[in-house]
Amino acid sequence: MVRRYPRRPDRKPTESQMMVDYAWMWQPWGGAPDDDILVRFGLPEQAFYQRLANILTRGRAHLTPHRARSLGELCEQKLAASPPVSTC
């Protein structure tokens, strides 16, 4: 996984941080495979990228401007290409 700063060994990464690290790892290839996202995070692709976009816009990811912009663009592409998730 991509690390931006050293982590304390007694502190586990948050789910938000794991999502950001995972998305950054797959960013050069246009994002992770949907089935891997589902297995790893229990979310369909669109829900994963919507949640990631929320993490990025709320500034909780502590990323460089380049990484934040790259991941934001990936979220936009994935959300534009995915059919809407039913909430029923």
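Working only within the range 45-66, note down all residues that are surrounded by 15 or more Cβ atoms within 10 Å (Cβ to Cβ) and not charged (D, E, K, R). Give the derivation first.
Pass one, the range 45-66, residues surrounded by 15 or more Cβ atoms within 10 Å (Cβ to Cβ): 45-53, 55-56, 61, 63.
Across the range 45-66, the qualifying residues are Gln46, Ala47, Phe48, Tyr49, Gln50, Leu52, Ala53, Ile55, Leu56, Ala61, Leu63.
Which is of a type in the set (Lys, Arg) and free of Cβ contacts under 8 Å to residues at least 12 places away in the same chain, of Arg58, Arg67, Arg51? If you could, list the steps in order and put the result at the bottom.
On the way: Arg67 fails: free of Cβ contacts under 8 Å to residues at least 12 places away in the same chain; Arg51 fails: free of Cβ contacts under 8 Å to residues at least 12 places away in the same chain.
Sole residue among the options that is of a type in the set (Lys, Arg) and free of Cβ contacts under 8 Å to residues at least 12 places away in the same chain: Arg58.
What about Ala32, is it modelled with pLDDT of 90 or more and not in a helix (DSSP H, G or I)? Please lay out each step first, then the result.
Numbers: modelled with pLDDT of 90 or more: yes; not in a helix (DSSP H, G or I): yes.
So Ala32 fits the description; yes.
Could you check, for the range 60-71, whether at least one of its residues is part of a helix (DSSP H, G or I), aliphatic (A, V, I, L, M) and at pLDDT 95 or above?
So the first thing to find is which residues in the range 60-71 are part of a helix (DSSP H, G or I), and the list is 65-71.
Checking which are aliphatic (A, V, I, L, M) leaves us with 68, 71.
Subset that is at pLDDT 95 or above: 71.
Within the range 60-71, one or more residues are part of a helix (DSSP H, G or I), aliphatic (A, V, I, L, M) and at pLDDT 95 or above.
The values are calculated or read from the model by the stated rules, or taken from the named source; none is laboratory data. Everything numeric in this text was worked out from a predicted model, so none of it was measured. Positions of Cβ are backbone-derived with ideal geometry, glycine not excepted, and every protein chain shown enters the neighbour counts.
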